[in-house]
1. Calculate, in nm to one decimal, what LEU73 and SER253 gain on full extension: separation in residues at 0.36 nm each, minus their alpha carbon distance.
2. Can you tell me what percent of all Cα-Cα pairs in segment 102-153 are more than 15 Å apart?
3. For TYR171, TYR76, which order do you get if you count the other beta carbons within 10 Å of each Cβ and list the fewest first?
4. What's the tally of Lys pairs in segment 145-282 whose alpha-carbon atoms lie under 17 angstrom apart, where the two lysines are 8 or more places apart or on different chains?
5. Please compute P(r) over all alpha-carbon pairs of segment 177-300, binned at 5 Å starting from zero, and give each bin as a whole-number percent.
6. Order these peptides, 240-246, 117-123, by their mean beta-carbon neighbour count within 10 angstrom, highest first.
Amino acid sequence: MKSAKSQSGGKHAKGHTEQQNTAGQEASAYISDPDSPSIDSQSIGDGIIQDEVAVAAAEPEAKSQPKAKASLLPPYDGPVLEVRNVHRSFQTGSRIIHVLKGIDMEVNPQQLVMLKGRSGSGKTTLLNMLGGLDQPSSGDILFSGQPLQDWGDRKRTSLRRKEIGFIFQAYALMPLLSAWENVELSLRMADVPRSEWKDRVGHCLDLVGLSKRVKHRPFEMSGGEQQRVAIAKAIAHRPRLLLADEPTAELDSKMGAQVMSVFRNIIEVEQVTICMTTHDPTILEVADHVYEMADGRFIK
Ligand SMILES: Nc1ncnc2c1ncn2[C@@H]1O[C@H](COP(=O)(O)OP(=O)(O)OP(=O)(O)O)[C@@H](O)[C@H]1O
Ligand SMILES: [Mg+2]
């Protein structure tokens with residue numbers, strides 16, 4: 001299988017879609033072959049749905065006993081993310097597109113950091129790098145002090161599963177599963193011991209204010225409720241970092257504000273760090289730090 005770098009050209013349709021796709025493909029790699037690299041040519045949302053269906057359908061007892069979460073990272077007091085002079089180019093046919101042109105940034109623990117900028121400025125491309133879904137053409141990304149580019153595919157995949165949660169614009173929930181089952185699925189995929197599921201799922205749904213909706217399936221919930229289930233799902237395995245690509249874009253302002261207040265709450269309670277993209281100026285107000293992108297660079 002090709003690496004993320006070598007096969008990315010020509011495949012991009014929309015940044016958001018690309019990220020969803022890659023995350024889904026990662027899960028696919030996980031289920032079918034834990035050692036395989038994370039990207040193949042499967043089409044997008046299908047990836048997530050098929051992979052999660054496979055996990056949901058798998059008989060859990062038939063799997064080997066899940067292992068407790070082992071830390072991949074030595075203790076580190078510095079930033080969760082340090083980005084140094086990151087460039088990313090894509091080759092499409094004979095053309096090389098230079099998308100990220102020297103990005104430097106830092107995301108400190110328990111911060112809410114936002115990326116803003118026009119469509120096409122490179123926000124999703126950068127978010128993909130931060131989550132280890134794609135790799136820079138040059139430059140360094142340190143996750144809790146560890147240079148991701150020095151890690152092999154297997155270790156990076158493991159880092160994503162254990163230490164990072166992803167949230168997308170379009171919720172990415174399994175349509176036939178209840179809120180409870182959707183969150184549980186994320187614990188199963190992260191190999192969290194089954195004995196911990198009940199408490200953890202209950203706690204996460206409580207945190208997002210959905211204790212009364214646990215049996216509802218996505219079509220029985222509002223957009224804001226669905227996004228809050230997606231947040232519960234993304235934090236259930238206790239990731240250090242939450243990456244969210246336009247998580248409020250499909251919500252009205254009231255529901256968007258609810259999602260932001262949930263983000264603030266989980267930063268406190270779960271000590272998670274959040275990096276998200278948005279176009280919404282009212283949402284930018286709750287950020288600890290805003291990076292503005294234009295044409296692959298941050299505007300000072
Ligand atoms: N795999 C790829 N191959 C070729 N071009 C790509 C690829 N990924 C991204 N691009 C290009 O990089 C630029 C930035 O895309 P990106 O999705 O990061 O923008 P964005 O800021 O997230 O935009 P939006 O606000 O619309 O989501 C776009 O011009 C896009 O076409
Ligand atoms: Mg985008």
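1. Values: separation 180, 0.36 × 180 = 64.80 nm, distance 3.79 nm.
Contour length minus the Cα-Cα distance gives 61.0 nm.
2. On the way: 669 of 1326 pairs.
Distances greater than 15 Å cover 50 percent of the Cα pairs.
3. On the way: TYR171 21, TYR76 13.
Neighbour counts put them in this order, fewest first: TYR76, TYR171.
4. On the way: LYS162/LYS233; LYS198/LYS212; LYS198/LYS215; LYS198/LYS233; LYS212/LYS233; LYS215/LYS233.
Step by step, the pairs that qualify in segment 145-282 add up to 6.
5. Cα pair-distance distribution for segment 177-300, in percent: 2, 11, 21, 22, 19, 12, 7, 4, 2, 0.
6. Working: 240-246: 24.0, 117-123: 18.0.
So the peptides 240-246, 117-123, ranked by packing, come out 240-246, 117-123.
Each reported figure results from applying straightforward, stated rules to the coordinates on display, with no laboratory input. Remember, it's a predicted structure, so these values are computed and weren't measured experimentally. Note that we place each Cβ from the backbone using ideal geometry, even for glycine, and neighbour counts take in every protein chain shown.
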